[in-house]
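Remarks on the structure that follows.
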Amino acid sequence: MSIRGKAFIAGVHEHPERHLPDRTLPQIHADVALGALSDAGLSTSDVDAYYSAGDAPGFGVLSMVDYLGLDCHYINDTETGGSSYLVHAQHAATAIAAGHIDVALITLAGKPRTGGAGPGGSGRVSAAPEAPFESQWGMSVPGGYALAAQRHMHEFGTTSEQLAEVKVAASTHAQHNPNAFLQDVVTVDEVLDSPMISDPLRRLDCCVITDGGGAMVIVSEAVADRLARHCIPILGTGSFVKSSQSGRIDLTHTGAVRSGPLAFSEAGVTPSDIDYVSVYDSFTITVLITLEDLGFCERGAGGQFIASGALRAPHGELPFNTDGGGLCNNHPANRGGMTKVIEAVRQLRNEAHAEVQVPDCELAVAHGTGGSLATRSASSTMVLGRSL
Amino acid sequence: MKLPARAAQPNSETLPFFEGAEQGLLVLPRCRECDFVIWFPREICPECGSQDVGWFEASGDGSIYSFTVTRRIPGGWNKVTPFVLAYVELDEGPRVMTNIVECDPEQLSIGDRVQAVFEEATNRDGESGPPLLRFRVTES
């Protein structure tokens, strides 16, 4: 059974703030939950399924179902870092296609700027079986991704200038987003002149750290039919865990090599059909490798593809992250998957900023990456359409 | 400058690795069913699923698969920047995360030959524990 066309994104909401010293973590979950339900034209009493990941406080779904006052007979707290929310959407679409639920709510919230957890994964990591062999070497989050970037440069001749264009393109989009954390357009030289963090990644190769959150509401066709809001059909999904490959890790690809084909195949489309992509951008290198993995360019050719200006909205070959992405706009809770879906929905609804709205945007991809490119990660890809 | 060295806590699955480290030896797990050299150390073969795992003394030789010179980092490691985080590909196959020590970070290249060194480590209470597996360059 395919989920194609069985489930619809009826509501999305991105918290407008990036610094929330006076909101509690549950409040931010509630802010975005109510925002997404309101966007859909629904209320908390309509929700029969709730999904959250490791960013939810306390007992996760149990605490939040209780706090929000939901009645849910379907719950899930799959934790794959920043890709969690795409995995949740896949699970929700599957449950809807199977007829188990009608209205699924997925929330994300965090306060890394004002007292919440910093970047670098969940508290469970200390007990991981791999920890004694990976936690002793001073691997920061950028340091891990730098290992991938260095190897990609070695194998394919990728350059720092090519990586910088990812940030430059994101910044040209972010200038139009009044909520973006960073709204100034930057040049390649400014990226190259920013302080080196972990060779070859510089400060401007790294995403922002922001408080905030986001939510989405996924509904069945029966519910979508009675809502006034433009509901976005989920056409295909795919997820894949790329392990450390039995200790023979290849740092130049991600699990998108598997999640992408699964999603494209279910949707019945190919990468060349896609009008807009929200691609996970924890670092510039994450974008470059993921674009190759998803088949938007040849393996090893990501640098040239990006340097051609392909990512620039609205007229590039493959406009990306038109909200400014994690590199400029928002990376709430250090998890970028939710905002990737939200901007893809805006594009398909023709509600992106006019300067970056892709004309006739019919097909979009949202892609999340969680964990670390340096060790093990979970990729999740979703193909969305303007209509069925 | 000497890098932070926090000793790992061995358990029953990893004890032979850390006992080897105490002797200055790189002792690796190998599957008795399919001969696969397992990394990270554990008593299951990720290639064939067997839990019949033996141990052998590896050469300690390898080459740099990837590395990064970390220049800014939060926490205690900021006192030892710049330092080198790397993946070393052992001659026996596994790619292990580590530090390259006793080197000029600006002179390193992917492919440089390296050799295991075991560095003294202490646990949270300051007591000595199993030494850490790091590498130094032998030929660049």
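Out of A:S243, A:S239, one residue alone is within 14 Å of chain B (Cβ to nearest Cβ) and at pLDDT 95 or above. It is A:S243. One residue alone among A:L384, A:L373, A:L311 is crowded, with 24+ Cβ neighbours inside 10 Å, within 22 Å of A:L147 (Cβ to Cβ) and of a type in the set (A, V, I, L, M), and that residue is A:L373.
Tallying residues that are in a helix (DSSP H, G or I) and either exposed (fewer than 13 other Cβ atoms within 10 Å of the Cβ) or out of contact with any helix residue (DSSP H, G or I) (no Cβ under 7 Å at 6 or more places or on another chain) (or both) within region A:60-75 yields 5. For region B:1-48, a tally of residues being hydrophobic (A, V, I, L, M, F, W, C), more than 8 Å from chain A (Cβ to nearest Cβ), assigned to a loop (DSSP other than H, G, I, E, B) and surrounded by fewer than 20 Cβ atoms within 10 Å (Cβ to Cβ) returns 5. Restricting attention to region A:86-103 and to residues that are aliphatic (A, V, I, L, M) and assigned to a helix (DSSP H, G or I), the residue that is surrounded by the most Cβ atoms within 10 Å (Cβ to Cβ) turns out to be A:L86.
The set of residues in region A:200-220 being within 14 Å of chain B (Cβ to nearest Cβ) and part of a loop (DSSP other than H, G, I, E, B) consists of A:P200, A:I209.
Pairs meeting the criteria (first residue in region B:77-94 and at positive phi, second residue β-branched (V, I, T) and modelled with pLDDT of 95 or more, beta carbons under 8 Å, at least 6 apart or on different chains) are B:G93/B:V37. The number of residues in region B:49-91 that are more than 17 Å from A:G143 (Cα to Cα), within 10 Å of chain A (Cβ to nearest Cβ) and either hydroxyl-bearing (S, T, Y) or in a loop (DSSP other than H, G, I, E, B) (or both) comes to 0. On the given criteria, is A:V241 touching a strand residue (DSSP E or B) at 6+ places or on another chain (Cβ under 6 Å), under 30 Å from A:D22 (Cβ atoms) and of a type in the set (V, I, T)? In short, no. Restricted to region A:253-355, the set of helices (runs of 4 or more DSSP H) holding at least 3 residues that are modelled with pLDDT of 95 or more, within 23 Å of A:Q183 (Cβ to Cβ) and out of contact with any helix residue (DSSP H, G or I) (no Cβ under 6 Å at 6 or more places or on another chain) comprises A:337-348.
Only one of the numbered conditions (1) more than 15 Å from A:L288 (Cα to Cα); (2) assigned to a loop (DSSP other than H, G, I, E, B); (3) within 14 Å of chain B (Cβ to nearest Cβ) is not met by A:T158, and that is (1). Inspection of region B:116-130 finds no residue satisfying the criterion of being surrounded by 15 or more Cβ atoms within 10 Å (Cβ to Cβ) and part of a loop (DSSP other than H, G, I, E, B).
Would you mind stating whether A:I197 is hydrophobic (A, V, I, L, M, F, W, C), within 14 Å of chain B (Cβ to nearest Cβ) and assigned to a strand (DSSP E or B)? For A:I197, the condition - hydrophobic (A, V, I, L, M, F, W, C), within 14 Å of chain B (Cβ to nearest Cβ) and assigned to a strand (DSSP E or B) - is met.
The values are calculated or read from the model by the stated rules, or taken from the named source; none is laboratory data. Keep in mind the model is a prediction, meaning the values are calculated, not measured. A quick note on method: Cβ atoms are made from the backbone with ideal geometry, for glycine too, and the neighbour counts reach across all protein chains shown.
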